[in-house]
Every structure is written in structure tokens, then in C-alpha cells.
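Report on the following structure.
The values are calculated or read from the model by the stated rules, or taken from the named source; none is laboratory data. The structure presented is a predicted model; accordingly, all values stated were derived computationally and were not measured. Because the Cβ atoms are built from the backbone with ideal geometry, glycine has one as well, and the counts that use them run over all protein chains shown. Ligands, DNA and RNA are excluded from the accessible area calculation, which covers all protein heavy atoms including side chains. Shrake-Rupley method; radii C 1.70, N 1.55, O 1.52, S 1.80 Å.
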Amino acid sequence: MRGLRQLTWTNIKLYLRDPIATFFTLAFAPFLVVIFGAMFGNDPNPIFGGQGSMDVSMPAYTALIVGSVGIMGVPITVGALREHGVLRRYRATPMHPLTFIVADITTNLAMALFGTILLVGSGILLYRVKFEGNMLSVLAAILLGGLALLAFGYLIASLAPGARSAQVIGMLVFYPMMFLSGSGMPLEIMPESVQRISTFLPMTYMVRLLRGLWFGESWGEYLVEAAVLLGVFVVCGGLAARFFRWE
Amino acid sequence: MAGVIEVRDLRKTYDDVVAVDGISFEVAEGEIFGMVGPNGAGKTTTIECIEGLRRADSGHARIFGEDPSAKRAAIAERIGIQLQESALPARLRVAEALWLFGSFYKRQADADELLGQLGLIEKKSSAFTKLSGGQKQRLFIALALINLPEVVFLDELTTGLDPQARRAMWDLVRGIREQGRTVFLTTHFMEEAERLCDRVAILDHGRIVALDTPEALIRSLNIDKRLVMTVPEGDLPKLSELPQVSRVERSGDRLVVYGAKDGLASAVINALEDSGVAFEDLRTEQPNLEDVFLALTGREMRE
Ligand SMILES: Nc1ncnc2c1ncn2[C@@H]1O[C@H](COP(=O)(O)OP(=O)(O)OP(=O)(O)O)[C@@H](O)[C@H]1O
Ligand SMILES: [Mg+2]
């Protein structure tokens, strides 16, 4: 794994130099809080068991940020690196493919976490949102969900023929997921049919798991969600590695 | 030790295109070996099979006696590669690129020294996309040398370089050889191959049509020398009847006399002076690799 530290550090710097990527991960979070806060407010509501809309939505927005990095960001960046011939150049070195992938995943997870911190920070500042869970537990769930959604993004990047198509597929998958998984709007206010579709979307499980842990429930009550995310990570990750192309 | 690189009956087809059609050669340690040939001759395919980046359909390529596609990582550690086509992340800066690529190897050259040799010191903190074509090219050559490789592969090393940078590159390549390292390069410039390479393989349609030192290639084919001059209008003596002359071409005031034998110049000059022709700007042109290619394939290198 020689070069892993250097590649990760370089990736993070490059990420922060890209204004669009930086906007999406870092400014998107506070932006979400302001927009949804203005739309729904945070008054206690019986639908949410006496909590405010923002209180219950925080974990969902977290999933949204992690999902946008994984499902939209990864196919765009990996697709572009491949199409421009950057991956070809990496391949001409002794670097192991795994080094590239681990460095990239670490970068994206770090950025997603950073985005989450900004999200929760602005939620607390602007709407005094509640957090009743265990920090470490929630962090672990973000990492698990992050790995699953990143693996999903890498699978798209591996299968899509070009950079453009990777971008389009990423968006086609992400936007419906945003509305149907309960990450954009609470599923409770959605019709029955949407709630049924949501059971097929990996992001739904991340939303459920995070929401449970956020309000102090234990992993034991969310074994199904955790198992689904782990499964998505293993299957998509395996397929992505199997079909990964340097050129 | 004989050949650092050994290629036997290498063949590679893409769908219906035969890119490399059964070629064999060896490259000795410490030599500058060049491969020339027109677009699509199969140079890149050959070089990338040796580097282990492409897999041949049949035959084999060996480097340090090993199969490059089976032992990629170990071999990649000992070789330097400049690809004909590749890129770096758009916002990666020159110094960062050297630092990053250096970190992939066990051994590292001094990055500042490399940047100095390649004239990139002032561009140290420029982003990749802000570099000119020639500067990008020089950066890729620096990356190919970052691990002090035993064998350096340079696919079209001077494409996009201005004449001054090209000459600097030749000096750099000679310097690499002086340190006992091996250079395998491809080029479109016959002059470059002639001046720089110890041995040259001429490739055409995936086959080696000739392989030798540039001097031997030129000598062996017994290619005509040329005598070029300007002559006034009017009749000329029958130069083509001279035993030293094989062919005469005249267009306007330009006269070109071809011949292989010694004494071509004096015979022609005597004949012209005897008939009182006031010729000017006389010069002889030695045959070069360009002529060798023409003689071997019946085509110009560049159409
Ligand atoms: N990846 C590929 N897929 C399909 N055909 C290819 C591929 N790479 C090369 N070819 C074909 O193989 C032949 C040899 O190509 P190659 O790139 O080896 O030539 P070259 O001598 O390097 O040419 P150039 O001087 O233009 O770089 C060409 O006809 C080319 O069209
Ligand atoms: Mg080529």
C-alpha cells in the first residue's frame, strides 16, 4: 500500500480545489437546512410523535449528503479520470488498484463526514435540532451507509461506458432515490405506494438506521437495515472491483 | 547479461486490425533503442506489451527475463514509462505530481533536480491544465524518471516540443545512457532516431522491415547520395551518361543528381565546368533514415 497516504492527501486537496464538488458536499448541507427549514419549520408535530420536522429529518439529510457523494460524485469523478487517461497513468506505476480505491473511498468518506458535521452544526444553530443518540454509534452507521452508497457509486462508474453516461446514470439513480427513500422528505407524509417502492432503495435503509440510532435506539433493533447495507456494500463493491476498468 | 528486453514472435490483433504481426528483437542493457514507423505501424502496441499494459495474442515479451503481464508490480518498480497518451488530474500541480508519483516507488530521484533538467522549475506550482503541451510532455518525462528506472520507455518523447526543448531532451536521454541505463523510445522523426539511437527498428504494418545501427541501415541499402544545385536556363551536358550518376532531376533552376558511387561530386562538377554551366549553391546530401524508409517500403514516412 505504498503511496496510500500521499494519494489520499492529494485526493482531498484536489477535491477541495474543485468548486463544484466542494459546493455539493460542503455548502449543500447548510443549504438543505435552510430550505427545508423554511418549508417545514421545526414545530412539534403529532405525525412525528411530537418531534419537529427538522428533528426527525436530520438523519435523513445526512443520508442525502452521503448519497450525493457516493451515487452522484463517484461516477462523475472516476468516469472523468478514466476518460482523460489519468487512470492509465496510475496504472503504469507499481501502485496496487486497491490503493487507488481505498484512497478514493477514504477521501469521499472524509468529505461526506465533513458535510454531515456542517449539516448537524447548522441544524443545531438554526433550529436547535435534537440529538439523543450515541455519537460513536451514529458515526459507525454513517460509515457503514457511506461504504454501501460509495460501493453503489463505484459499480455505476465501473459499468458505465463513458464519463457522460456515468454522470447521467448517477443522476437518474440519485434523484428518484432522494425523494423515494425518505431522505429528502419524510416518508410518513408520502402515499402508500411510494413507501412500498422505498423498500427497494438502499438509501432507505440508511435513513432508517440513522434515524433509529439518532434518537437513542440500539443497533439490535436495526439488524435488518444494517444487514441490507452490509449486503449492498459487499455485492456492489465486489461487482465494482470485478468490472473495474483503468481505461 | 544479453538482452534486458526480449521479444519473440509478438502478435496482437484488434478485431480485424493486425497491429503487431509477429515481431522479434532484443534490446541490450545500456543502449538507446529506437522504433520508428508511420502512424499505426504498431509502435505503441509493441511498447505497451513490453511494459505489461497490454497482453499479446501470441508470442512473448520478456523484460529482465520476466513476463511483464505476470509480474507487473515488481517490473513497474524498475522501469519508467512515458505513455503516448495520458493525463493527470486537472488541478494537480507539477511539484505535487512528482511527490505523489515518487511515493509509489521504493527508490526516488531528486524531484527538484529532475524539474531543473526538464526546465520546469518555474512551473512547479502550476496546475496540470495550465501547462502548455510541451510542458505537459516534459512533466510526463520527469514522471518516467522519478524512480531512477533501469529501463525507460519513451513513447514519442519529443512530440510537441520546440527545437530547443527537443535538443535538451536528446541530451537528457544520452545522459540516461551514460549512467548505464537502457532507453527504449519511439519517434516519428527520422533525424531524431538517426542522431540519438544506437540501434533502430523500422516498423511498417506491424512488421520490422529493418533493424540495425542507423549508419549500417543507410550503408547497407546503398542508397544514392544527392547533389543539389541551382543552374541557369539552357542546355546541360548529358550527366546521366556519367558512370557515377544514376538519375537526374531538373525542375526550374533546381538540379538534383543522384548517384551512389564515390567521386560523384567531382565527376558532375567537371562535366558542368567543361560545358561552361555556371552552377551555384552546390551541396551534397547524404542519404538518411527517411530515404531508407522510402527505399524499403516505397512510401514516404509522412504523406
Ligand atoms: N485499443 C485499440 N483498439 C483497436 N485498435 C487499436 C487499438 N490500439 C491500436 N489499434 C490499432 O492498431 C494499429 C497500431 O496502432 P499503434 O497505436 O500501435 O500504432 P503506432 O505505431 O503507435 O502509431 P502512432 O505513430 O500513430 O502512435 C492501428 O491500426 C490502430 O488503429
Ligand atoms: Mg503510437
Handout entry: Tally of residues being buried (at least 20 other Cβ atoms within 10 Å of the Cβ), more than 9 Å from chain A (Cβ to nearest Cβ) and part of a loop (DSSP other than H, G, I, E, B) across the range B:103-122
Key = 2
Completion exercise
Every listed condition ((1) open to solvent by 10 Å² or more (accessible area, probe 1.4 Å); (2) polar (S, T, N, Q); (3) outside any helix (DSSP H, G or I); (4) within 16 Å of ligand 1 (Cβ to nearest atom)) holds for B:SER125 save (4)
Exercise for the section: Identify the residue in the range A:108-130 that is in contact (Cβ under 8 Å) with a residue 40 or more places away in the chain and over 20 Å from the mean Cα position of the chain (by Cα) and, among all such residues, is least open to solvent (accessible area, probe 1.4 Å). Expected result: A:VAL129
Problem - Residue that is most open to solvent (accessible area, probe 1.4 Å), among those in the range B:188-199 that are out of contact with any Leu (no Cβ under 7 Å at 6 or more places or on another chain) and within 15 Å of ligand 2 (Cβ to nearest atom) - result: B:PHE189
Problem - Restricting the range B:63-96 to residues that are small (Gly, Ala, Ser), under 14 Å from A:THR93 (Cβ atoms) and under 27 Å from the mean Cα position of the chain (by Cα), the residue that is nearest to ligand 1 (Cβ to nearest atom) - result: B:SER86
Problem - Members of the range B:131-173 found to be within 16 Å of ligand 1 (Cβ to nearest atom), modelled with pLDDT under 95, open to solvent by less than 10 Å² (accessible area, probe 1.4 Å) and not β-branched (Val, Ile, Thr), listed by number - result: B:LEU157
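Take A:ALA140 and tell me if it is within 14 Å of chain B (Cβ to nearest Cβ) and small (Gly, Ala, Ser). Write out each step before concluding.
On the way: within 14 Å of chain B (Cβ to nearest Cβ): no; small (Gly, Ala, Ser): yes.
It is false that A:ALA140 is within 14 Å of chain B (Cβ to nearest Cβ) and small (Gly, Ala, Ser).
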Fill in the blank from the handout: Filtering helices (runs of 4 or more DSSP H) wholly in the range A:1-107 for at least 1 residues that are buried (at least 17 other Cβ atoms within 10 Å of the Cβ) and more than 14 Å from every other protein chain (Cβ to nearest Cβ) gives A:28-40, A:53-67, A:74-84
Completion exercise
Within the range B:8-28, residues touching a residue at least 40 places away in the same chain (Cβ under 8 Å), within 14 Å of ligand 1 (Cβ to nearest atom) and over 11 Å from B:ARG207 (Cα atoms) come out as B:LYS12, B:THR13
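Yes/no matrix, rows are residues, columns are (1) open to solvent by less than 20 Å² (accessible area, probe 1.4 Å); (2) part of a helix (DSSP H, G or I); (3) farther than 21 Å from A:VAL234 by Cα:
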{"position": "A:ARG164", "(1), (2), (3)": "no, yes, yes"}
{"position": "A:GLY170", "(1), (2), (3)": "yes, yes, no"}
{"position": "A:TYR175", "(1), (2), (3)": "no, yes, yes"}
{"position": "A:GLY182", "(1), (2), (3)": "yes, no, yes"}
{"position": "A:GLU188", "(1), (2), (3)": "no, yes, yes"}
